[in-house]
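Worksheet for the structure shown next.
Nothing in this text is a laboratory measurement; each read-out follows from the coordinates by a stated rule. Because the structure is a prediction, the values reported are computed rather than measured. Every residue, glycine as well, gets a Cβ built from its backbone with ideal geometry; the counts of neighbours run over all protein chains shown.
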Ligand code: IFM
């Protein structure tokens, strides 16, 4: 049985973060407000009324954080660029100070041999664009391409590959359908234009990047879907959920069409927002890589509310859980990757795991160390599953763990710690956890194997 010690020689190691979750400095150097600045000010929106105003103060401490990455031995660092730092109102000319921050970050990374892998949109839309409809408005896709052009022109001499969007499914569902994330809208199925406009934005941005010779990746949150039983109603519900979670963003990109949304009573043109030529543009965006963010499978049963969605989520039992309560199923990663290969065949580009990790209720021990064995077990299990998928023929090129640092976990505030590095949010003291040493040693052993 293949395991993490059998990963291919060219396999790349990384860690991920996102701008609003780590940077802080929300009012500095001309940054405009984002939808998260507005959402976090809403009473009750975020646990303990916390915000990303300071977060990990990465904006001021990135030199220290790059040193932590260097000592970890990373090949790549996935971070996101805050659109409101580049275009404070989401349109118009660039803010030089905002660009300057990412310029320095990229240089610092390259100076220690780490490849920068920026994500252009990780949920922090400029608030001014939200006031024009956010991703419900088609125009936002065009603004996104304009912003991409600005950033690619500035950093493109040193950044060869870009992730356009992070988890467009989660942004649509949590942000626009359920109101759990910014911008806090509760539109349910009327949120579907957000899917199409994000895909259109991705395609227009991909054009900009390809024109400049760059590689284009999208990072999707994907989850193997398990029917609660083999009863026809549970199977049909699972298929309907799979369409929404796993196919809505990958089918148009890889097959040139939306999946069948009839279980939701939605027409193939997503209620009229798909215009002639859009799907061709999206399919032509030519993904050079697919980013997969995997955390856990989803178990689905027949709907309980006849007038509601065509599925209900059922509990996965008999497995360990993270501090967040998410089920820990490492083999779900192998299942997901093999399933993607079987579904998309030759249309599937090489995969990079752009996020995988878990929250642990870790805290400093009396001797100052931070033991987090559940995270080590989680990472080891998932990397073994990844190696098994590669042994089954899936082309996976790298693994970026979520996350480098404990950070602002959206609606959960700072209550969920995902980092390899512990952050004391009162003092900003960084302390590498046991998992940091474990990951460092794993990378070093792989590197010895690849160079020796
Ligand atoms: O923190 C998030 C990240 O921003 C997107 N993917 C999932 C992570 C853990 O919830």
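Which percentage, to the nearest 5, of the DSSP beta bridges contained in the chain is antiparallel?
Values: 8 of 43 bridges.
Antiparallel bridges: around 20 percent, rounded to the nearest 5.
Here the average projected area of the convex hull drawn through the C-alpha atoms of the chain stands at 21.1 nm². Ordered from longest to shortest, the equivalent ellipsoid semi-axes for region 250-341 are 30, 22, 10 Å, each the square root of 5 times a Cα gyration tensor eigenvalue. Debye-formula intensities of region 148-280, expressed as log10 I(q)/I(0) at q = 0.09, 0.10, 0.12, 0.17 Å⁻¹, are -0.31, -0.38, -0.54, -0.98 (one equal scatterer per alpha-carbon, no solvent).
Starting with the fewest neighbours, write out 70, 430 ranked by other beta-carbon atoms found within 10 Å of each beta-carbon.
So the residues, fewest neighbours to most, are 70, 430.
Pull out the extension gain between residue 93 and residue 5, defined as 0.36 nm times the separation in residues minus the alpha carbon to alpha carbon distance; nm, one decimal. Walk me through the numbers before you get to the answer.
Numbers: separation 88, 0.36 × 88 = 31.68 nm, distance 4.84 nm.
Gain on stretching residue 93 to residue 5: 26.8 nm.
I'd like the antiparallel share, as a percent to the nearest 5, of DSSP beta bridges with both residues in region 284-414.
On the way: 4 of 11 bridges.
Of the beta bridges lying entirely in region 284-414, close to 35 percent run antiparallel.
By how many nm would the segment from residue 447 to residue 319 lengthen if fully extended, with 0.36 nm per residue of separation less the alpha-carbon distance? Can you show the working numbers first?
Values: separation 128, 0.36 × 128 = 46.08 nm, distance 3.27 nm.
In short, 42.8 nm is gained.
What the Cα atoms of region 405-452 give is an Rg and a Dmax of 14.4, 46 Å.
Can you put 48, 103 in order of Cβ neighbours within 10 angstrom, beginning with the fewest? Before the final figure, lay out each step's value.
Details: 48 8, 103 14.
Fewest-to-most ranking of 48, 103: 48, 103.
From most to least packed by mean Cβ count within 10 Å, the peptides 192-200, 297-305 give 192-200, 297-305. Approximating the spin labels as points 7 Å out from Cα along Cα→Cβ, the residue 363-to-residue 397 distance works out to 4.3 nm. Evaluated at q = 0.20 Å⁻¹, the base-10 log of the normalised Debye intensity for region 148-218, with identical point scatterers placed on the Cα atoms, takes the values -0.78.
Restricting to bridges with both residues inside region 1-130, how much of the DSSP beta-bridge set is antiparallel, in percent to the nearest 5? Mind showing how you got there, number by number?
Values: 1 of 9 bridges.
Just about 10 percent of them are antiparallel.
When the Cα gyration tensor is reduced to axis lengths a ≥ b ≥ c, the ratio a/c is 1.5 or higher for region 303-376, and with a/b not above b/c it is classed as oblate.
Label region 315-452 by shape, choosing from rounded, prolate and oblate, from the square roots a ≥ b ≥ c of the eigenvalues of the Cα gyration tensor; if a/c is under 1.5 it is rounded, and otherwise prolate applies when a/b is larger than b/c, oblate when it is not. Prolate, because a/c is 1.5 or more and a/b exceeds b/c.
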